[in-house]
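The values are calculated or read from the model by the stated rules, or taken from the named source; none is laboratory data. Bear in mind the structure is a predicted one, so any value in this text is a computation, not a measurement. For neighbour counting, all protein chains shown are included, and Cβ atoms are generated from backbone atoms with ideal geometry for every residue, glycine included.
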Amino acid sequence: MLQPGCITARLQPCGHFTQPALKRLRPYSDNAVSASGKYTLIVSMGAVLGLIGASIVTWLISVNPVAIRGAVLRRDPDPARQLPVASASITISGATPLQAVRSDPLGYFNVRLKRRIRRGQPITIHLRHPDYEPLDLQDSASNNLFIAFLTPIAHPTRARIDGPEVKIANVVAQYSVATTNAVNVGSAFKTFVVENKGNVPCPGRGPCSPDRKWKASIGSAVIDAGPGNEFQNARASCIAGPCPFTRIDDTSLSHNRQSLTVSVLNWSDTATFLVEAEVYKPVVADILRRSYPVIFDEALTFTLPAAAQGVSIQADIDGSMIVFPLGPALYLSWADCQLSLTNDQTKVYRCALKPGFHFSPGRS
């Protein structure tokens with residue numbers, strides 16, 4: 001029996017191949033599939049190896065440092081006394097730095113190199129400061145953060161001055177911050193009328209009552225506080241006429257501003273409205289504030305907000321309370337001061353006593 005639609009000659013019916021035909025087709029089909037599979041496999045393996053190689057190269061580049069970063073601190077067993085060392089000179093041997101650098105007021109240093117160096121390559125970080133013993137820190141190149149502790153040079157002659165040392169106590173940092181206060185300078189009001197005729201059906205266009213049943217009118221009023229002034233506690237109300245059939249849009253009244261606008265929808269007879277508010281004038285004033293320094297040994301530290309102005313230090317000098325304006329030069333007759341800024345612009349002040357002065361143990 002032949003399958004429908006099949007035409008035969010001397011071969012078997014359609015849908016079947018003769019044995020010779022199978023022998024001729026199978027070798028050709030197997031070879032084609034085998035060649036295509038090998039090609040796809042080679043391409044896939046090449047892509048994977050390429051990605052792996054690129055990742056390895058990227059990783060090798062990233063781990064090889066292009067800069068040596070760290071901080072310089074004063075050596076002390078008490079972590080609270082490990083103060084930053086500013087203006088320390090830092091050079092590096094075993095690498096090619098662009099230039100010698102100095103630590104900033106926070107002790108931070110960043111020595112950029114002319115080219116990347118191999119991770120693990122031996123380097124020596126040379127740190128010098130006139131008030132500290134020299135330090136040659138031997139380490140291996142890496143992207144780690146290097147912390148160097150400098151030992152202060154003993155100054156046995158510090159207290160050898162003519163006469164007794166001056167006692168300093170009750171140190172307080174004073175500063176001012178500009179703030180804006182609103183002062184009430186009066187009030188303002190305005191009445192206005194919104195005319196309308198009640199019980200007139202809504203024509204389908206124009207203003208109508210909220211239920212779209214009655215014809216309505218819209219009225220508004222504007223009040224101005226004057227240049228440099230602003231309104232506060234603004235309110236509006238209906239004071240005469242069929243007030244139950246009115247709606248006040250007081251959206252703008254919730255904001256303190258120089259000019260206010262009130263809009264009213266009235267779908268009955270004529271009504272009268274009142275808008276009023278207090279008038280305030282912004283006044284800039286300086287508020288005096290205080291900060292109490294932290295004292296370690298012969299140095300004090302205090303922080304001030306970024307907006308601090310007019311910084312001065314009040315101190316008890318041998319029993320006499322004196323105020324010392326710090327000024328841009330950070331000059332004090334009894335201490336050397338430095339100023340640094342944090343990332344949020346907080347001001348960090350550090351002052352070290354000069355020879356002949358010391359903090360009194362009785363400081364309160």
Given (1) buried (at least 18 other Cβ atoms within 10 Å of the Cβ); (2) modelled with pLDDT of 90 or more; (3) within 27 Å of TRP334 (Cα to Cα), identify the lone condition not met by LEU127. (3)
Can you spot a residue in segment 195-217 that is among the charged types (D, E, K, R), surrounded by 13 or more Cβ atoms within 10 Å (Cβ to Cβ) and either free of Cβ contacts under 8 Å to residues at least 60 places away in the same chain or under 26 Å from THR180 (Cα atoms) (or both)? yes
In a strand (DSSP E or B), crowded, with 16+ Cβ neighbours inside 10 Å and in contact with a strand residue (DSSP E or B) (Cβ under 9 Å, 6 or more places away or on another chain): does that describe LEU339? no
Quick one: what pairs do we get from segment 331-356, first residue within 19 Å of GLU165 (Cβ to Cβ) and assigned by TED's automatic domain parsing to the domain that holds PRO293, second assigned to a strand (DSSP E or B) and of a type in the set (Asp, Glu), C-beta under 8 Å, 6+ apart or different chains? CYS351/ASP336; ALA352/ASP336; LYS354/ASP336
I want to confirm something. Restricting to segment 291-309 and keeping residues that are over 26 Å from the mean Cα position of the chain (by Cα) and assigned to a strand (DSSP E or B), which single residue is nearest to LEU326 (Cα to Cα)? LEU300
Of all the strands (runs of 3 or more DSSP E) wholly in segment 185-287, which have at least 2 residues that are within 30 Å of PRO305 (Cβ to Cβ)? 230-240
Scan THR261, THR251, THR342, THR270 and give me the residue that is over 30 Å from ASN199 (Cα atoms) and polar (S, T, N, Q). THR342
Reported set for segment 73-124 where residues are touching an Asp or Glu at 6+ places or on another chain (Cβ under 7 Å) and in a strand (DSSP E or B) is ILE123, THR124
In the set ILE287, ILE313, which member is surrounded by 14 or more Cβ atoms within 10 Å (Cβ to Cβ) and aliphatic (A, V, I, L, M)? ILE313
Does ALA315 fit the bill of being more than 20 Å from VAL171 (Cβ to Cβ) and not assigned by TED's automatic domain parsing to the domain that holds CYS238? no
Out of all the residues in segment 176-207, which are hydrophobic (A, V, I, L, M, F, W, C) and more than 51 Å from the chain's Cα centre (by Cα)? VAL193, VAL194, VAL200, CYS202
